[in-house]
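Reading through the structure tokens given below for one structure.
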Amino acid sequence: MSGTAWKWPSPRHLVSPAVLLAALALGSYSFRYADQLAKKGEQSLVESTQVLGDQTRERVDNFIIDSDRSLFDAVDLGHLSDFQRRWAEIVRQSPVVEAALVLDEHFQIVPSGYVSRRNVSDAEAFRGLFMTKILPDLPLADLPRDFHRHWHHEYNGRDYLISYIKRAHNGHHFYIVLKISLEFLTTRFLPDELATLEGKVLLCVLDAHRNVVYGRPVGQPGKFLYEKAFPTTLYNWRLQMAPPNAALLQREGRTQRRFEYAIIALMLAITFAGVALLERAIGKERRLNELKSDFISNVSHELKTPLSLIRMFGELLALGKLKSPDKAKEYAEIITRESERLGRLIDNVLDFSRIERGRAAYDFQMGRLDTVVERSLDVYRHRLEREGFRLTTKIDPELPEALIDESAMTLLLLNLLENAVKYGKGEISVYLTLVSGRLRLVVGDQGPGIPLDEHQRIFERFYRTHGARGTAVRGSGIGLSLVKHIAEAHGGHVTVDSEPGKGAAFIVDIPLPPNAAPTRVKAA
Ligand code: ADP
């Protein structure tokens, strides 16, 4: 059977998703909580406006109904002739009633059954309107006895509120009809009645065409707007109400909510960024650990090879089993070469570990880099020739002194040469020139080169190119990181100029101290 068995992810891999999930849950809870809190605050304001609005509508309704009742009760159907006489007194009692009519069961006004407090012509005009237009609309025929109803309607562009009731007397039915003064309601009653609400609330009354018949328009209070028709009397009119600072409250609410959302979003973003950074750091650490273990096996390998060569040729020499004296020389040379390599490797590892522990101490002194380069090349030249390399050098004759640590610069150059030998072939070039007020040391080879995407990474500790990893070329991955450290400690930097298949040139720039004067090289 093929396929890999499913494995539980390790706890370490569950930490970040768990933290992100928790942050998301907390974030969404906070969003909802902030939202609910804001909505609750608004809701209570909306509710209190609603309560006030309902009470106000009821008060207006009750006032009209109570006025009607007192007047209905004042009409003595047995003594209608007195009706005209008592009218003045009735009007005093119910200033909201403007006219009253008593109709018989044939819907005709009974004698002395019409009184009005308007002048004669107005009174006659209303009687005409009532008989021709209003009366046909009133559902009097179906009205049960003692039932009190209202008719709120527009005639000839004016609103009328009619209150009517069916009464019985001596076996006959009568209808008492009242005309309620809308003018009194809007100019006297409402201002008196609603004076206590002044300043506490914005309110107005709208007619069926949404024209303001009382109060001032309430503006744009949005969700804080209360609007309802009057329940039984002025049912074509609507009461509008809003808290006085509704617009401000709306704006404040929006700002507050935006602020809360922004804070929560920021917290979430910080958590996400924190987790991302942590993941990155963990990944980096893991990669470094992998590289370190590669390094240990590489270094052990590098130590083992020269050691076994030294041992083998040392034993051969000790046994004296030599075919010719030249062989003895050859073996001794191998032993020297391998112990040099061993020495350099150990130097590198020691220097590297000093840098790693932050203990790298440089001894900077004014000195000549060209001398350091010449000296190192003298040491190395023999090896290069022996390994079949051609060495081309170009060292400017007049170079100023620089502030350098000579042994560190030697280590830098030897590392670059070592790499050129390890990876290159044919020719190796070493140039030391003055470029834009800096000393430029270039070590070039004709090796396989380095892919562009690895130009930065080769200077990282333990890093070896993909091409180098699978080959027999041994390496620890610390040489170039040492070169970089040394160049930077001198205030300079190192770069590589290379393309796969076209060799590589490592360029080290070292700055000169201010006022550095060129020195003439002594004639050899
Ligand atoms: P190493 O001990 O592996 O040589 P270095 O730090 O000196 O370590 O170099 C890092 C990597 O850079 C090497 O493993 C190799 O892949 C690449 N490299 C360094 N110098 C050269 C060069 N001259 N030509 C091609 N590749 C090189």
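The values are calculated or read from the model by the stated rules, or taken from the named source; none is laboratory data. Quick caveat, the model's predicted, so the values are computed rather than measured. Note that we place each Cβ from the backbone using ideal geometry, even for glycine, and neighbour counts take in every protein chain shown.
Just to be sure, is LEU24 without any contact (Cβ under 8 Å) to a residue 40 or more places away in the chain and of a type in the set (A, V, I, L, M, F, W, C)? Give the steps one after another, and end with the answer.
Numbers: without any contact (Cβ under 8 Å) to a residue 40 or more places away in the chain: no; of a type in the set (A, V, I, L, M, F, W, C): yes.
Against the criterion (without any contact (Cβ under 8 Å) to a residue 40 or more places away in the chain and of a type in the set (A, V, I, L, M, F, W, C)), LEU24 does not qualify.
Condition first: more than 16 Å from the ligand (Cβ to nearest atom) and closer than 26 Å to PHE352 by Cβ. Now tell me which residues in the stretch 269-310 satisfy that. Break it down stepwise before answering.
Taking the stretch 269-310 first, the residues more than 16 Å from the ligand (Cβ to nearest atom) are 269-286, 289, 307-310.
Matches in the stretch 269-310: ARG280, ALA281, ILE282, GLY283, LYS284, GLU285, ARG286, ASN289, LEU307, SER308, LEU309, ILE310.
Taking the residues in the stretch 341-362 that are surrounded by fewer than 15 Cβ atoms within 10 Å (Cβ to Cβ) and at pLDDT 85 or above as candidates, determine which candidate is farthest from the chain's Cα centre (by Cα).
The selected residue is GLY343.
May I ask you to list pairs of residues, at least six apart or on different chains, whose Cβ atoms are under 6 Å apart, with the first in the stretch 463-485 being within 17 Å of SER293 (Cβ to Cβ) and in contact (Cβ under 8 Å) with a residue 12 or more places away in the chain and the second being among the β-branched types (Val, Ile, Thr) and surrounded by fewer than 23 Cβ atoms within 10 Å (Cβ to Cβ)?
Short answer, once both residue conditions are applied: SER476/VAL299.
Which pairs do you get when a residue that is under 30 Å from THR56 (Cα atoms) and outside the structural domain of GLY157 (by TED's automatic domain parsing), found in the stretch 167-194, comes within reach of a residue that is at pLDDT 90 or above and assigned to a loop (DSSP other than H, G, I, E, B), reach meaning Cβ atoms under 7 angstrom, with the pair 6+ apart or on two chains?
Partner pairs satisfying both residue conditions: none exist.
Say whether the condition of being within 30 Å of GLN240 (Cβ to Cβ) and assigned by TED's automatic domain parsing to the domain that holds ALA229 is met by at least one residue in the stretch 28-35.
Start the filter on the stretch 28-35 by keeping residues that are within 30 Å of GLN240 (Cβ to Cβ), which leaves 35.
So of that shortlist, the ones also assigned by TED's automatic domain parsing to the domain that holds ALA229 come out as 35.
The answer is yes, given that some residue of the stretch 28-35 is within 30 Å of GLN240 (Cβ to Cβ) and assigned by TED's automatic domain parsing to the domain that holds ALA229.
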